[in-house]
Amino acid sequence: MSAPPRIAFAIETTLGNAVFLQNLKSAMAARTDITPVWLPIDEHADDLWEGLPLVRSRLSLRGGLRTRSALNQALAQAPVQAAVVHTQRMAHLAHDFMGRVPSVVSTDATPSGLEDYLRYYGLRSQHGGWVGKAKNALHRRTYSIAKGMLSFSEFTKRSLVEEYGVPRARVHVVWPSVDTRLWRPAPERKARDGVVRLLFVGGDLGRKGGHLLLRWARETRLRNWRLDLVTSDTFEAPPGVRVHTGVRPNSPELIDLAQAADLFVLPTMADMSSWAIAEAKAAGLAVVATPVGGVGELVRDGVDGRLVTAGDYPALARALDSLVASPDTLRTMGHEARRMAEERMDLHATCDQMLAFIRGVTGV
């Protein structure tokens, strides 16, 4: 009997990518059909690349060099039959490896999809001039060398197919997914005191729309609510708001906050997808979000939540006032949210589908 194939997973660990890595490792812990080789790529590693002046100031360059080195070291230690590289900027300098070992590139955004991010931060478009053309050519080359692409949304899949020429059959959409046995409703944790509990989770308070939510907390005339904000910023919160910092992904503290809540709110200004929404829906929460990037795919407006235009504070305030004043609607939406999470966002089911795609396109 032949040994299971060794598949290397080189995954950058910035922001939500760390959650992706943690969830993948959890889902594959008991598998015997493959041998995963985990290669986390830390952007803050104290290594050779961090000490080079022309490299340390460029995240994509030092990340790409670290990825190339990690993949080649893994291959030197033992045969590797396939690889997954997340994201494409980690793969740009690994073309030689990808030419020897069939590889899949995973991404939540193309350069085109990141334009909203650039506008939010006041940065220039990536599409202008010769630099933009060179970047576009590099991405096309990386996507063409990859045997397949994993996309976190239909939004990004459309971009890969229509703007970068990736054949549709070579792109598999895997939504942000969570362990629905860990992230689950817990009716016994609800306070039953008539207070509607809102939850926000976002490290970058501004980009994730937290300031709009704080404005609502200051201006709403409703009183039967409480808001928990999980973020990386510390500040003086208005009455009714509690700020939580240092909360780790998948931690008991974060799960407890979700299970005690009634409504998850993420009025994000720029995003591609959201693990936080998947977690909230698995915990049985109605969701208010904005349809930016692929986020709108995760919420069915009027069924398991509400979608409001990014930056439209009056629309956000109306949606929140309406839902906070209607606990029955929140409960109904919460049941629908959980049902969707079980059907489309279950970590073990999506992991099975993802691995079937990886093995299919790489032939291992």
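A few comments on the model shown:
- Of all accessible heavy-atom area on the chain, the percent that carbon and sulfur account for (1.4 Å): 52
- From phi via Karplus (6.51, -1.76, 1.60), per-residue ³J(HN,Hα) for segment 326-340 in Hz, x at Gly/Pro: 9, x, 5, 5, 4, 5, 4, 5, x, 5, 5, 4, 4, 4, 5
- Our coupling estimate for segment 246-263, obtained by passing each phi through the Karplus curve with A = 6.51, B = -1.76, C = 1.60 and θ = phi - 60°, is x, 7, 8, x, 6, 6, x, 5, 5, 5, 4, 4, 5, 5, 8, 8, 10, 8 Hz, Gly and Pro reported as x.
- Per-q log10 I(q)/I(0), the chain, q = 0.07, 0.09, 0.14 Å⁻¹ (Debye; single scatterer per alpha-carbon; no solvent): -0.32, -0.53, -1.19
- Comparing R66, R221, R181 in a Gaussian network model of the chain (Cα springs below 10 Å), the most mobile by mean-square fluctuation is R221.
- Student exercise, segment 114-204 dipole from Lys, Arg, Asp, Glu Cβ charges, in Debye to nearest 20: 260
- Taking the Cα centre of segment 224-337 as reference, the dipole from Cβ charges on Lys and Arg (+1) and Asp and Glu (-1) amounts to some 80 debye.
- For segment 17-31, Karplus couplings with θ = phi - 60° (6.51, -1.76, 1.60), whole Hz, Gly/Pro x: 5, 5, 5, 4, 5, 4, 5, 4, 4, 5, 5, 9, 4, 9, 6
- Taken per residue, the accessible surface of the chain reaches 45 Å², heavy atoms only and a 1.4 Å probe.
- Backbone amide hydrogens, once placed in the peptide plane, bring V288 within less than 5 Å of F264, V265, L266, R306, excluding anything fewer than 5 places away on its chain.
- Residues whose amide H falls under 5 Å from that of T13, counting only those 5 or more places apart or on a different chain, are I41, E43, with hydrogens built in the peptide plane.
- Gyration tensor verdict on segment 262-337 (Cα atoms; rounded if a/c is under 1.5, prolate if a/b is larger than b/c, oblate otherwise): oblate
- Adding -39500 (n - 2.57) for every DSSP H run of four residues or longer, then dividing by how many residues the chain holds, sets the calculated 222 nm ellipticity at -12500 deg cm²/dmol.
- Highest-first arrangement of 6-17, 103-114, where packing means the average Cβ count within 10 Å: 103-114, 6-17
- Computed from point charges on the beta carbon alone (+1 for Lys and Arg, -1 for Asp and Glu), the dipole magnitude for the chain about its Cα centre is near 560 Debye.
- Residue (of P291, M269, F357) at the positive-pole extreme of segment 219-364, dipole from beta-carbon charges: P291
- Amide H contacts under 5 Å for R226: V196, R197, L198, restricted to partners 5 or more places along the chain or on a different chain, H placed in the peptide plane at 1.01 Å from N.
The values are calculated or read from the model by the stated rules, or taken from the named source; none is laboratory data. Bear in mind that the values here come from a model prediction, so they are computed numbers and not experimental data. Every residue, glycine among them, receives a Cβ derived from its backbone with ideal geometry; neighbour counts consider all protein chains shown. Side chains are part of the model used for accessible areas, which takes the heavy atoms of the whole protein and leaves out ligands, DNA and RNA. Shrake-Rupley method; radii C 1.70, N 1.55, O 1.52, S 1.80 Å.
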